[in-house]
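So the structure is just underneath, and the comments pick up after that.
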Amino acid sequence: MKRLIIAIGLNVLIIIFEVTFGFLTGSLALLADALHNITDIGSMILSLWGMKVAARPSTTRKTYGYKRAEIIIAFVNGGVLLAVAGFILIESVQRLFSPTEVAGIQMLIVAAVALLGNGLATYILEKEAHGNLNLKSAWIHSLQDALFSLGVIVGAIMLTFTGWQWIDPAISIVLSLFLLKEIFAILSESVHMLLDSVPSDLDFEEVKTALLSLEHMESVDDLHIWQTGSHDRFLSAHLTVTDTDGQERMRLLMKAKSLLLEHFRIGHTTLQMVTTEEAKALECEHCN
């Protein structure tokens with residue numbers, strides 16, 4: 001959370017810098033980039049709020065707590081990123097055929113400062129981004145800014161030596177396509193979680209086979225695996241075992257829970273364990 005607050009602070013400083021020089025130099029490009037950074041701050045604040053909400057305890061009304069806030073906000077941020085990247089891509093394609101003159105040395109200096117700030121913010125967020133979908137979307141926002149600042153610098157330098165006006169939009173197109181790939185990955189994973197799908201790094205059949213390999217296990221039915229956040233995995237299953245006494249059944253239950261936690265990182269399990277005869281009496285009609 002502290003890293004995200006620092007990243008927000010850096011983006012605020014970048015906006016002040018870009019707006020100031022935008023008015024001083026009359027550069028609409030700088031003002032437009034400052035506006036883009038404002039949308040990024042909004043997304044980062046949303047991510048920060050999402051982290052606070054997700055940490056709230058569960059209630060009798062919301063028995064899972066607010067864990068899904070992380071996923072919902074990541075999905076919203078992904079949508080905003082998609083819109084911004086799509087707009088830049090369309091604008092870049094138009095400018096490719098109708099090049100406009102890129103600003104001079106002032107633009108290069110401001111872009112260099114923006115790159116420094118955005119690069120630092122991206123580095124700060126990177127460590128935690130891969131373990132939290134919400135933070136990953138904030139990290140992509142910051143990475144997007146850093147890459148486009150780098151694109152402006154490279155384009156400005158190349159323009160100085162070649163005079164080719166199409167370089168700036170061409171670089172923007174390449175960067176937009178790269179970012180679209182990352183954005184679609186965030187949106188895909190968000191939808192995946194919202195639909196209570198099996199976590200992407202788990203194999204449903206592998207989990208089922210592992211449970212079946214336990215001693216006394218006859219069948220595994222009504223197996224469901226899902227997650228409410230980046231670190232919260234759940235599993236429920238109907239386990240049919242051979243006729244065993246209560247003590248042996250308890251040992252088997254503990255083995256199953258230990259297996260799921262150690263090999264598949266599934267910490268929240270609900271297991272119904274019955275014998276073959278008891279299973280017949282239950283007449284489970286919806287077991288998978």
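A few points about this structure:
- G86 modelled with pLDDT of 80 or more, farther than 18 Å from G229 by Cβ and surrounded by fewer than 20 Cβ atoms within 10 Å (Cβ to Cβ): yes
- Highlighted here are the helices (runs of 4 or more DSSP H) found entirely within segment 203-287 that include at least 2 residues which are surrounded by 14 or more Cβ atoms within 10 Å (Cβ to Cβ): 204-212, 246-264.
- Index of the failed condition, D201 passing every other in (1) charged (D, E, K, R); (2) at pLDDT 90 or above; (3) within 26 Å of the chain's Cα centre (by Cα): (2)
- Qualifying residue in segment 158-171 (condition: at pLDDT 75 or above and among the β-branched types (V, I, T)): no
- Residue within segment 144-152 that is free of Cβ contacts under 8 Å to residues at least 40 places away in the same chain and either under 30 Å from A55 (Cβ atoms) or in the same structural domain as V274 (by TED's automatic domain parsing) (or both) present: yes
The values are calculated or read from the model by the stated rules, or taken from the named source; none is laboratory data. Just so it is clear, the structure is predicted and the values come from calculations on it, not from any experiment. Every residue, glycine among them, receives a Cβ derived from its backbone with ideal geometry; neighbour counts consider all protein chains shown.
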